[in-house]
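Before any comments, here is the structure.
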Amino acid sequence: LKTYMKRDNAHGLLHVGSWFVMLIALGTFAYYSTNNLVCIIFFLFYGVLYSSCNAIWHECSHGTPFKTMFINEVVFFITTAMEQRDIVLTRWSHAKHHSYTSYTDYDVELSVKRPPNLWIVILNIFNIKSGIKSSLGLISHSFGILSPVAKDVVPTEEHNKLFFWSRITLLTYIITIISCIIFKTWLPLLLYGLPRYYGGFVQGLLILTQHAGLDQNVADHRLNSRTIYLNPILGYLYMNMQYHVEHHIYPSIPFYQLPKLHQYIKNQLPNPYYGLLDTYKELIKTLLKQRKDVNYFINRRS
């Protein structure tokens with residue numbers, strides 16, 4: 001366990017560095033092709049890649065991608081800002097999610113409530129409802145007003161820190177919007193902020209598989225979390241969070257060690273799913289059944 005928990009900067013810098021390079025390249029192609037319909041393809045791929053900021057901030061909230069904490073915090077701020085989040089609320093809300101995973105009265109990041117509202121599920125796949133909620137919270141905190149979630153999870157001594165980082169994050173969007181007005185173009189917002197919506201569906205489909213349809217109000221993460229085998233491209237975009245059972249049991253293990261951990265303990269875990277199609281064949285049926293029977297769930301004990 002100590003071996004798997006060991007952190008370095010190399011793996012994190014390689015992953016995040018290559019991600020930034022590809023993001024800049026795709027953004028450049030999209031920018032210079034705006035007078036051509038091919039720009040739609042470039043912006044789509046840019047948005048999908050951009051939305052991996054969700055996976056990166058998630059790892060940074062655990063402090064695991066980098067050995068040097070300063071690097072971790074810089075990347076954490078950038079990637080949360082890309083998703084209209086501040087680092088303080090994000091860190092505390094996710095900590096509570098890990099403390100009370102899928103406990104219906106406590107988990108503030110519960111993805112699907114029962115009976116499931118399928119319209120909300122679809123909107124959240126595209127980060128629409130959840131993104132708007134994050135944005136409104138960011139604005140509220142910038143004015144020194146605590147959102148209900150912040151009141152629940154952020155300690156009193158962290159409130160001023162919450163307000164400060166919310167204002168810094170909001171400032172990046174104010175500058176972006178002013179740039180749109182000055183240069184009379186939507187491009188700044190199409191490159192910063194909006195990509196999380198128009199390209200967020202891949203990340204949204206991945207995130208929904210984490211806990212939806214599984215058992216709730218149980219302490220065993222093998223029953224409330226889901227591990228999936230994904231191809232290397234999706235695994236890269238998801239930063240190995242397809243090993244989600246392993247991540248919840250051992251949240252201090254860096255993303256690049258999760259495949260090795262899986263091999264070591266897989267005989268003690270439920271069988272993994274093979275790809276998104278395999279997962280969603282069962283998940284869609286389950287969500288439809290839960291609309292009529294809120295007690296129904298996928299039993300992973302067998």
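Since every read-out is calculated from the coordinates, none of them should be taken as a lab result. Given the structure is predicted, the values throughout are model-derived calculations rather than measurements. Backbone-built Cβ (ideal geometry, glycine too); neighbour counts: all protein chains shown.
Some values worked out for this structure:
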read-out: Förster radius 22 Å - calculated FRET efficiency between Lys285 and Asn117, Cβ distance, rounded to 0.05; value: 0.80
read-out: Value of [θ]222 nm, deg cm²/dmol, for the chain, DSSP H segments ≥ 4, -39500 (n - 2.57) each, nearest 500; value: -18500 deg cm²/dmol
read-out: Cα gyration tensor shape for segment 207-265, rounded if a/c is under 1.5, else prolate or oblate; value: oblate
read-out: Label-reachable residues, segment 207-225, where backbone N falls under 14 Å from a point 7 Å from Tyr264's Cα toward its Cβ; value: none
read-out: Interchain or long-range residues, amide H under 5 Å from Tyr273's placed H; value: Thr227, Ile228, Tyr229
read-out: Segment 102-193, Rg to Rh (Cα coordinates; Rh as Kirkwood inverse mean 1/r); value: 1.05
read-out: Shape of segment 172-216, Cα gyration tensor, a/c cut at 1.5; value: prolate
read-out: Computed FRET value (nearest 0.05) for Thr3 with Asp220, which takes r as the C-beta separation and R₀ as 30 Å; value: 0.75
read-out: Highest average packing first - 197-209, 90-102, Cβ atoms within 10 Å; value: 197-209, 90-102
read-out: Prolate/oblate/rounded label for the chain (Cα gyration tensor, a/c 1.5); value: rounded
read-out: Cβ-placed point charges (K, R +1; D, E -1), dipole of segment 163-302 about Cα centre in debye, nearest 20; value: 200
read-out: Length gained when the stretch Met69-Val21 is fully extended (0.36 nm per residue, less Cα-Cα span); value: 15.1 nm
read-out: Globularity ratio of segment 19-156, using Cα Rg and 2.2 N^0.38 Å; value: 1.19
read-out: Kyte-Doolittle mean at least -0.5, axial Cα span of 27 Å or more - DSSP H helices of the chain; value: 10-32, 159-183
read-out: Residues of segment 285-300 with amide N under 19 Å of the 7 Å Cα→Cβ point at Leu205; value: 285-288
read-out: Cα centroid separation, segment 236-296 to segment 26-100 (Å); value: 21
read-out: Compactness index (Cα Rg / 2.2 N^0.38 Å), segment 1-90; value: 1.26
read-out: Length released on extending from Phe29 to Asp105, taking residue separation times 0.36 nm less the Cα-Cα span; value: 22.7 nm
read-out: Mean separation of Cα contacts under 8 Å, 6 or more apart, over the residue count of segment 197-247: relative contact order %; value: 33
read-out: Listed peptides 159-166, 57-64, 182-189 by packing density, highest first (mean Cβ within 10 Å); value: 57-64, 159-166, 182-189
